[in-house]
Amino acid sequence: MERIKKFLNDKMYGSSLWLFSNSLLLTGCGFIFWTIAARLFSSQDVGLATTLLSCAELIGMMSLLGFNVALLRYLPEKKDPKSIINSCFTLSALVAAAAGVVFLLALPVISPKLSFVQDHALFAILFVLFVIIQSLFLLVESVLIASGQPRTVVLKNAVFGILKIAFLFVFIGAIGIFVSWGISALIGLFFALWFGRIRYKISLKRNVIKSMFKVSSGNYLAQLFGTMPALILPLLITHFINPQTTAYFYVTLMIASVLFFVPDAIAMPLIAHSAKDQTMLKQNVRKAFFLCFTLIGIGILCISLLGGHLLLFFGEEYRSNGVALLILLSLSAIPLSISTMFVAIQNVRRKMHRVVAIYAASATLLIVLSLLLLPYGITGIGFAWLIARSCVALAVLYHFLRRGLLA
C-alpha cells in the first residue's frame, strides 16, 4: 500500500498518468466520433474527411517549429514565461497560415481528389483557419505540461472530444466532418487558455526565439520526418487504392494510436522534470521505461482480445480489412517506446543531431517499405510499420549497450 501511495505521489508518474488518461480520452472520443461518422456518412465521405483531417493536423504539427518540445525544455527554467509563450504562439500561427495556403495551391498536384476544397472560397478559408487552430491547440498542451497543469490538458480534450461528436449531427458530408472537428478544436483552445490562465498576446521577440533555436530547430526537423509517414500514407492509399481503404487504415491507426501515445505521454514529463535537475535524469529514465512497458503490455493484451470487436463498431468491412493491421501496429509500440525514450534523453542533453537522425531513419524506412509492400494493401503497410520501428529500436539498443544509457 505504501508503495502504491509513493507511486501516485511521484510528480513524473502523476503527470505521465494524466497524459495517458488524456490519450485514452482522445482515443475514446475519436472512436465514438468515427463510429457515428461511419454510420451517418458513406465510406467515400469518411475516406476524404480522414485524408483532409490528416493533412490539416500534420501541417499544423509541422508549423510548431519544434516549439512544443522546446517549451517543455525551457519554460521550467526561464524567468520570463510570457514572452516565450507569446513568441512561440505568434510565429507558429504565421507559419501555419502560410503552410495552409501553400498546401491548398498544391492540391491539384498532391491530391486531386481533395481539390473540391480549393474550388470553394469558404472551404479554403476554413481549412487555413483550422490549420492555425491545430498548431495552437497542440502548442498550448506543452505550456500546460511545463507549468504543471496536466489536468487542464485532459479537460481541454474532453471539451474538444464531446463537442466534435455533437457537431456531427449538425453538419453533413466530408466537409461537415472536417468542420465539426475544427470548431470543436477552437472551443477547446479557448478553454485551455482561460482555465490554464494563459494570457496570450500577439508579439514576437527575436532574442527569445534565438535562445530556443537549437532545441526547437532540431525538433522541428525531427517532427518533419516524424509526420511524413502519417501525411504521405493516407495520400498514397487514396491515390493508389481508394478512399474507402484510407478510411479503414485511418480508423485502425486511430485505435492503435492509444499505444503510440503512451511513450509520448511519459517522455514529455521526463523532459520537463529532468530539465529542472539533470542529476535525476538516469533515475527518471528508469521510471519512464518501467511505466511505459507496463502500460504498453497491458494495451497490447487488450487490443489482441478486443481489437476485432472494436473495429466491428464501424462496420464489418472495417473489421475484415483492419484486424491484421491493428495487431501489427500494436506490436510496433514496443520498439517505438525504446526510440521515444532515447529521443527524450537527447532532448534533455541537447544532442539534437541524434534526435533528427532517429526520426529521419524511421520515416525513410517506413515510407520506402510501405511503397514496396503497398501491393499487399494496408496489411503490407502494417508490416512496414513494425519492421521500420524495430530496426530503429535495435540501433538505439546498440547505442545503449555500447556507450551507456546517457552517453
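The values are calculated or read from the model by the stated rules, or taken from the named source; none is laboratory data. Predicted model only: the values in this text are computed from it and were never measured. Please note: Cβ atoms are built from the backbone with ideal geometry, for glycine as well, and neighbour counts cover all protein chains shown. In case anyone asks, the SASA skips ligands and DNA or RNA and just uses the protein heavy atoms, side chains included. Shrake-Rupley method; radii C 1.70, N 1.55, O 1.52, S 1.80 Å.
Here are the numbers for the structure shown:
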{"quantity": "Rg ratio (alpha-carbon, reference 2.2 N^0.38 Å) - the stretch 116-264", "calculated": "1.19"}
{"quantity": "Kirkwood hydrodynamic radius of the stretch 240-306, Cα pairs, Å", "calculated": "14.0 Å"}
{"quantity": "Sequence ranges 113-121, 201-209, 377-385, 360-368, ranked by mean other-Cβ count within 10 angstrom, highest first", "calculated": "377-385, 360-368, 113-121, 201-209"}
{"quantity": "Area accessible to solvent at Tyr398, 1.4 Å probe radius, in Å²", "calculated": "140 Å²"}
{"quantity": "Full-stretch length increase - Phe116, Phe190 - with 0.36 nm per residue and alpha-carbon distance subtracted", "calculated": "23.7 nm"}
{"quantity": "Cα centroid separation - the stretch 47-70 against the stretch 319-371, whole Å", "calculated": "17 Å"}
{"quantity": "Span-rule helices in the chain, defined as complete DSSP H runs reaching 27 Å or more along the axis (Cα) with Kyte mean at least 1.6", "calculated": "81-110, 121-146, 173-195, 352-373"}
{"quantity": "Accessible surface of Arg349 - all protein chains present, 1.4 Å probe, nearest 10 Å²", "calculated": "100 Å²"}
{"quantity": "Separation of alpha-carbon centers, the stretch 190-253 and the stretch 91-162, rounded to whole Å", "calculated": "8 Å"}
{"quantity": "When each of Lys205/Lys282; Lys164/Lys201; Lys156/Lys201; Lys82/Lys156; Lys201/Lys351 is checked by Cα-Cα distance, pairs over 30 Å", "calculated": "Lys205/Lys282; Lys201/Lys351"}
{"quantity": "Alpha-carbon radius of gyration plus Dmax, which is the widest Cα pair, for the stretch 252-407 in Å", "calculated": "16.7, 53"}
{"quantity": "Packing-based order for 220-232, 60-72, using average beta carbon neighbours within 10 Å, highest first", "calculated": "60-72, 220-232"}
{"quantity": "Relative pair counts by distance (%), Cα atoms of the stretch 106-179, 5 Å bins", "calculated": "3, 13, 16, 20, 17, 13, 10, 6, 2"}
{"quantity": "Exposure rank, largest accessible area first [Arg354, Arg197, Arg286, Arg73; 1.4 Å]", "calculated": "Arg197, Arg286, Arg354, Arg73"}
{"quantity": "Carbon and sulfur %, accessible surface of the chain computed with the full protein complex present, 1.4 Å", "calculated": "69 percent"}
{"quantity": "Relative packing of 81-90, 323-332, which averages over residues the other C-beta atoms within 10 Å, highest first", "calculated": "323-332, 81-90"}
{"quantity": "For the chain, alpha-carbon Rg over 2.2 N^0.38 Å", "calculated": "0.94"}
